[in-house]
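J.: Following this message is one structure expressed as structure tokens.
Nothing in this text is a laboratory measurement; each read-out follows from the coordinates by a stated rule. Values in this document were obtained by computation on a predicted structure and should not be read as measured data. Here Cβ is always computed from backbone atoms with ideal geometry, including for glycine, and neighbour counts include all displayed protein chains.
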Amino acid sequence: MESGILVVAALILLFVIIVAKTAVVVPQQNAYVVERLGRYAGTLDAGFHILVPFVDVIRYKHVLKEMAVDIPEQVCITRDNVQVGVDGVLYLRVLNPERASYGISDYRFAISQLAQTTLRSEVGKIDLDKTFEERTNINTQVVTEVDKATEPWGVKVMRYEIKNITPPHDVLSAMEKQMRAEREKRAVILTSEGQRDAAINNAEGEKQKIIKASEARRQQQINEAEGQASAIRAIANATAEGLRSVASAIHEPGGRDAVQLRVAEQYIGQFGNLAKSGNTLIIPTNLADISSIIATAMNVVKQQG
């Protein structure tokens, strides 16, 4: 009875071992490389698979998702003989599990070393000042060169990114001084340009002010001249009109008597003004003979008429 139980237990154990050896579940985005009696037999994709017990062996397991491989920092020499420390990260993906298993022993290590050598070569082609500006171009060149070498390995290099570029401390100090000098230079240039623009604007403003003032004076003089001309024309027109009215009035009945009276009044009034304005007065010999003076004035009126 006990021997029967042992046999059953042994059979169950053997069954479990066989199931463990033959039943395989491959996760999503994974691939298992199977060897049969030491030779490549096939690649198992995601899902449930049954192997031949004691014949088929899962030799390699690959993740088909994109992976990030850290590229350690290394010393690179630029074209102007400056040593800089550069590190980065490489993104790759296994496309052919068979080639990745048998094309190379360790594709990650090989790709890391190839990326480092390519990076040193690319950094050596440019000057230190250009390394920070040319990061994109360096990344592109590294991906291009590494991808060419990894194609037989069944691995696709997706992209490469430089993480840090670390120059020596003395070079960093010199670069900081240079940047500080550049900033100060730009500040001085901007200040001088601002002062120059301000001087130009002030000069332009004074120029416009003088031009406007001269135009205003010119317009004022024109307006005054036009006003004076208009006033003269108005006075002349009024005087002419008055003279025409006087001349017309003289020929009317009683006009001459009115003229004689007006002349006598003005004659007497003017001598009165002369007496007020000075201490010395020259009197004509015939001052008392007003009638002769009026007669003389009337003769002038007749001649004008």
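J.: Rg over Rh of segment 67-167, using C-alpha atoms and the Kirkwood radius, what does it come to? The partial results should precede the final answer.
T.: Values: Rg = 13.8 Å, Rh = 13.7 Å.
My calculation puts Rg/Rh at 1.01.
J.: Are there any trypsin sites (Lys or Arg not before Pro) in segment 57-123 that are in a DSSP loop and have at most 14 other Cβ atoms within 10 Å? List them by number.
T.: K65, R79
J.: Can you list the residues of segment 59-77 with backbone N under 15 Å from a point 7 Å past the Cα of I126, pointing along Cα to Cβ?
T.: 76-77
J.: Another question about this same structure. Quick one: Y32, Y160, fewest Cβ neighbours within 10 Å first, how do they rank?
T.: By the 10 Å Cβ count, ascending, the order reads Y32, Y160.
J.: Can you pull the one-decimal nm distance between simple spin-label points at E206 and M158, each 7 Å off the Cα toward Cβ?
T.: Going from the E206 label point to the M158 one covers 6.9 nm.
J.: Given segment 1-145, what whole percent of its Cα pairs are spread farther than 26 Å?
T.: 51 percent
J.: Please work out how much length the chain gains when fully extended from L64 to Q28, using 0.36 nm per residue of separation minus the C-alpha to C-alpha distance, in nm with one decimal.
T.: That works out to 12.1 nm of additional length.
J.: Given the convex hull over the Cα atoms of segment 12-82, what projected area results after averaging over all orientations, in nm²?
T.: 8.3 nm²
J.: While we're looking at this one, here's another question. Could you give the length gained on full extension between R39 and L95, defined as 0.36 nm per residue of separation minus the Cα-Cα distance, in nm?
T.: Residue separation times 0.36 nm, minus the Cα-Cα distance, leaves 18.1 nm.
J.: Can you list which of the GluC sites (Glu not before Pro) found in segment 31-77 are DSSP loop residues with at most 16 other C-beta atoms within 10 Å? Can you show the working numbers first?
T.: Details: sites: E35, E66, E73; in loops: E66.
Passing both the DSSP loop test and the Cβ count: E66.
J.: Also, I was wondering about something else. In what sequence do T144, T43 fall when counting other Cβ within 10 Å, fewest first?
T.: If I rank by nearby Cβ atoms, fewest first, I get T144, T43.
J.: For segment 170-250, count all C-alpha to C-alpha pairs, find those more than 17 Å apart, and express that count as a whole percent of the total.
T.: Tail fraction, whole percent: 75.
J.: With r as the distance between the Cβ atoms of I189 and T140 and R0 = 41 Å, compute the FRET efficiency 1/(1 + (r/R0)^6) and round to 0.05.
T.: Details: r = 36 Å, r/R0 = 0.87.
Calculated transfer efficiency: 0.70.
J.: Once R0 is set to 35 Å, what does the formula 1/(1 + (r/R0)^6) return for the Cβ-Cβ distance between R244 and Q220, expressed as a FRET efficiency to the nearest 0.05?
T.: My answer for the efficiency is 0.50.
J.: While we're looking at this one, here's another question. Could you check the simple spin-label distance between A229 and N81, using points 7 Å along Cα→Cβ, in nm with one decimal?
T.: For A229 paired with N81, the spin-label model returns 8.8 nm.
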